[in-house]
Amino acid sequence: REKRLTLPPSEITLL
Amino acid sequence: PGLLEPTSCLIRVAKSAPTLGIAIEGGANTRQPLPRIVTIQRGGSAHNCGKLKVGHVILEVNGTTLRGKEHRAAARIIAEAFKAKEKDHVDFLVTEFN
């Protein structure tokens with residue numbers, strides 16, 4: 001859980 | 001490959017419209033390690049197919065795993081699968097288990 005918090009959110013791409 | 005994923009499902013999307021019409025988030029080294037569908041646009045091929053859903057996590061595209069692929073690489077794989085003229089469909093292996 002702590003690891004998840006350190007990961008950045010992702011950008012969103014429209015395909 | 002992919003068949004070991006307990007809740008995975010293969011969905012074939014026919015290229016029935018000029019666009020695929022999905023938005024994805026996620027990729028390696030983000031909080032969402034595999035791309036997840038966040039939007040399905042009305043009138044796109046994915047919407048016409050009727051089986052892809054918001055919340056589906058995409059494991060493979062035409063048998064190519066997206067595991068370990070960063071967001072832009074995963075997006076490129078999906079875009080190229082849709083653009084490729086050799087096939088009139090794109091096969092997505094998806095799971096609802098995140």
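Coordinate-derived values only; no laboratory data. Owing to the predicted nature of the structure, the values given are computational and were not obtained by experimental measurement. Reconstructed Cβ throughout: ideal geometry from the backbone, glycine too, with neighbour counts over all protein chains shown.
Determine by what factor the alpha-carbon radius of gyration of chain B differs from 2.2 N^0.38 Å, reporting the quotient.
With N residues counted in chain B, Rg over 2.2 N^0.38 Å equals 0.97.
Quick query: amide H of B:Thr39 versus all other amide H atoms, modeled in the peptide plane; which residues come in under 5 Å with a sequence gap of 5 or more or a different chain?
Result for B:Thr39 returns B:Ala23.
So, counting K/R as plus one and D/E as minus one, what does the shell of residues with Cβ under 13 Å around B:Lys83 add up to?
Around B:Lys83, the surrounding residues sum to +1.
Once phi is turned into θ = phi - 60°, what whole-Hz ³J(HN,Hα) does the Karplus curve with 6.51, -1.76 and 1.60 give for every residue of region B:24-34, x standing for Gly and Pro?
Each residue of region B:24-34 in turn: 10, 10, x, x, 3, 6, 10, 5, 10, x, 10 Hz.
Please list, in chain and number order, the residues 5+ apart from B:Leu20 or on another chain whose amide H is under 5 Å from its amide H, with Hs placed from the backbone.
So B:Leu20 has HN proximity to B:Ser45.
Which residue, chosen from B:Val94, B:Gly43, B:Ser8, occupies the Cα position most advanced towards the positive end of the dipole of chain B, where the dipole is computed from +1 (Lys, Arg) and -1 (Asp, Glu) charges on Cβ about the Cα centre?
Result: B:Gly43.
How big is the charge dipole of the protein assembly as shown about its Cα centre, in debye rounded to the nearest 20, if each Lys and Arg gets +1 on its Cβ and each Asp and Glu gets -1 on its Cβ?
140
Assuming R0 = 30 Å, can you tell me the calculated FRET efficiency for the pair B:Asp88 and A:Glu11, based on Cβ-Cβ distance, to the nearest 0.05?
0.50
Which values, in whole Å and largest first, are the semi-axes of the equivalent ellipsoid of region B:38-93 obtained as the square root of 5 times each eigenvalue of the Cα gyration tensor? Walk me through the numbers before you get to the answer.
Working: eigenvalues 62, 44, 21 Å².
After diagonalising the Cα gyration tensor, the semi-axes are 18, 15, 10 Å.
Under a Cβ-Cβ cut-off of 15 Å, what is the net charge of the residues other than B:Asn62 that fall near it, where Lys and Arg count +1 and Asp and Glu count -1?
+3
State the volume of the convex hull built on the alpha-carbon positions of the protein assembly as shown, expressed per residue in Å³ and rounded to an integer. Display every interim value, and only then the final one.
Values: hull volume 10.5 nm³, N = 113.
Enclosed volume per residue, from the Cα hull, is 92 Å³.
Which value in nm describes the separation of the simple spin-label points at B:Ala79 and B:Arg31, placed 7 Å from the Cα toward the beta carbon?
2.5
I'd like to know which of B:Thr65, B:Pro18, B:Leu52 lies farthest towards the positive end of the charge dipole of chain B, counting +1 on Cβ of Lys and Arg and -1 on Cβ of Asp and Glu.
B:Pro18
Too long at a 18 Å Cα-Cα cut-off: which of B:Lys53/B:Lys85; B:Lys15/B:Lys87; B:Lys15/B:Lys69? Walk me through the numbers before you get to the answer.
Working: B:Lys53/B:Lys85 25 Å; B:Lys15/B:Lys87 9 Å; B:Lys15/B:Lys69 24 Å.
From B:Lys53/B:Lys85; B:Lys15/B:Lys87; B:Lys15/B:Lys69, over 18 Å: B:Lys53/B:Lys85; B:Lys15/B:Lys69.
Against the longest principal axis of chain B, how steep is helix B:71-83, in degrees 0 to 90 to the nearest 10, with axes from Cα atoms?
30
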